[in-house]
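Bear in mind these aren't lab numbers, they're just calculated from the coordinates by the rules spelled out. Everything numeric here is computed off the predicted structure, so don't read it as measured data. In this analysis, Cβ positions are derived from the backbone assuming ideal geometry, glycine residues included, and neighbour counts consider all displayed protein chains.
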Amino acid sequence: MFKAKKKTNEFDPIKNELNLSITESTPPKEERVIKETLIAKGTLLSGEISNESDVLIEGSVVGDIRSSRSIRIGREGRVQGTLTADKITINGYLQGRCEATAVKILSQGRLDGDIHASELSIERGGIFNGNSQYTIEKAAKNTVGSSKDNVAPLLSLGSLEDSAKVTNSK
């Protein structure tokens, strides 16, 4: 028995040296970790969520949600409150307000409320009942002082009749 241990001990330093040389020769990999906060189906959350990761809602939330990345409301998701994120995707139900760079309402989605975004898309079957307002993108929005300043760039685009002609000509 002692001889077997000595033999394995004799080989261990060689294995360790081999492992060290292999480890030293390959640079460490930088892994991109995607973080996501999940509110699962059957969960009822009352309160405020604020984080720097993606948020996926399959349950029910009563309150405001802020994310520096994206918020997605799944088919079973129900939210009553204000959503603030870079991108918002709705495939469930939202009663409240969206503030984002881009808002997308998918075919099973419904939004009853207001949208403040620079991009808005609604798939066939998606429902939007409320008001939408074009906003300047995030970086420019932070430098603008008052809401009157936000209107000036829109007025320079022309009257509503001119924009209707452009829309109808497509």
* Point-to-point label distance, LYS41-GLU123, nm (Cα→Cβ direction, 7 Å offset) -> 1.7 nm
* Structure fact -> Rg/Rh of region 65-105 (Cα atoms, Kirkwood Rh), to two decimals, equals 0.91
* Formal net charge of residues neighbouring ALA40 (Cβ-Cβ distance under 10 Å; K, R +1; D, E -1) -> -1
* Take region 33-127, compute every pairwise Cα distance, and split them into 10 Å bins from 0; I just need the percent in each bin. => 19, 58, 22, 1
* Could you tally the net charge around TYR93, taking each other residue with its Cβ under 9 Å from the Cβ of TYR93, Lys/Arg +1 and Asp/Glu -1? => +1
* **Cα-Cα P(r), region 46-86, percent of pairs per 10 Å interval** => 34, 62, 4
